[in-house]
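Heads up, the thing below is written out as structure tokens.
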């Protein structure tokens, strides 16, 4: 489910970022019918994607969706409809708000986890020293790995 929602949000954000100017000013409205996204072997507009039925989506995709995929598809469609104004233009404010909610701390960061698990406090310090766009996720999972490392050390001393 997260993959479908993430795909739709990323597709929208890439299209909006590539077609809107960076400076505020009189800008042309971006319409959902103009933004094309890949679906299966073809492309479809975001407006059409927001109105697509499950049977039509299965036909375009070329495979039957499982129950979980159908629910995820409907939830993603519902979120997509919130990004489209009644006149068919895209609502940039809601899209920006949703992208801010999707932080870098979501999901599992294996590098941070294993730094904390295998190196303990030193691994946590290494995770803190590395500066990039995934620092928050790495530090979060290094802390979790270090916590598990402490639990293993305590259990080994008790036994």
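The table for this structure:
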quantity	calculated
Semi-axis lengths (Å, descending) of the ellipsoid that matches the C-alpha gyration tensor of segment 110-159	23, 8, 6
Normalised contact order of segment 110-158, rounded percent, pairs of Cα under 8 Å and 6 or more residues apart	47 percent
Per-peptide average of other Cβ atoms within 10 Å, ordering 110-119, 128-137 highest first	110-119, 128-137
Highest to lowest packing among 49-55, 79-85, 150-156, 65-71, scored as the average C-beta count within 10 Å	79-85, 49-55, 65-71, 150-156
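Laboratory data are not the source of any read-out in this text; all were calculated from the coordinates shown. None of these values were measured; they are calculated from a predicted model. Don't worry about glycine lacking a Cβ; one is built from the backbone with ideal geometry, like all the others, and counts go over all protein chains shown.
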